[in-house]
């Protein structure tokens, strides 16, 4: 059954419900400070993981999006700031992952070269 304002017995009840509805409609989501902080931390982690060396494009794009998010926040475009901050954090995470993968691949290559060198030495020692 649909409720109508006729359901309220006094004008005070109708006024209170109207005020509550108006305040609810005016309420906005909180500013995206958490998202901005998360993006800043993600960019810092990517930087610490040597993403400048291994994933410079992703890291630069993440930094650019973070700067745009901060500018949007300063201009009170909170929804845009939230979206940009989330995208920045995601790209920074990607840069960090790519950096770790490249560093791991590099270390694997070094270990394989060491193993090949040791095998070669062992063959030389075994030769009569």
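Within segment 4-56, restricting attention to residues that are farther than 24 Å from residue 68 by Cα and not in a helix (DSSP H, G or I), which residue is modelled with the highest pLDDT? Give the steps one after another, and end with the answer.
As a first pass, look at segment 4-56 and keep what is farther than 24 Å from residue 68 by Cα: 4-27.
Next, only the ones that are not in a helix (DSSP H, G or I) stay: 4, 8-10, 27.
Numbers: 4: 57, 8: 48, 9: 60, 10: 66, 27: 53.
The residue in question is 10.
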- Query: Just wondering, is there one or more residues in segment 81-97 that are without any contact (Cβ under 8 Å) to a residue 40 or more places away in the chain and more than 14 Å from the chain's Cα centre (by Cα)?
  - Reply: no
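Let me confirm something: among 118, 84, which residue is modelled with pLDDT of 95 or more and in a helix (DSSP H, G or I)?
One residue alone meets the criteria, 84.
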- When you scan segment 65-78, how many residues do you find that are more than 15 Å from residue 41 (Cβ to Cβ) and either crowded, with 16+ Cβ neighbours inside 10 Å or in contact (Cβ under 8 Å) with a residue 24 or more places away in the chain (or both)? 4
- Task: Identify all residues within segment 98-128 that are surrounded by fewer than 16 Cβ atoms within 10 Å (Cβ to Cβ) and under 14 Å from residue 46 (Cβ atoms); write none if there are none.
- Result: 101, 103
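The values are calculated or read from the model by the stated rules, or taken from the named source; none is laboratory data. The shown structure was predicted, so the numbers you read here are calculated from the model rather than taken from an experiment. Note: ideal-geometry Cβ built from the backbone for every residue, glycine included; neighbour counts use all protein chains shown.
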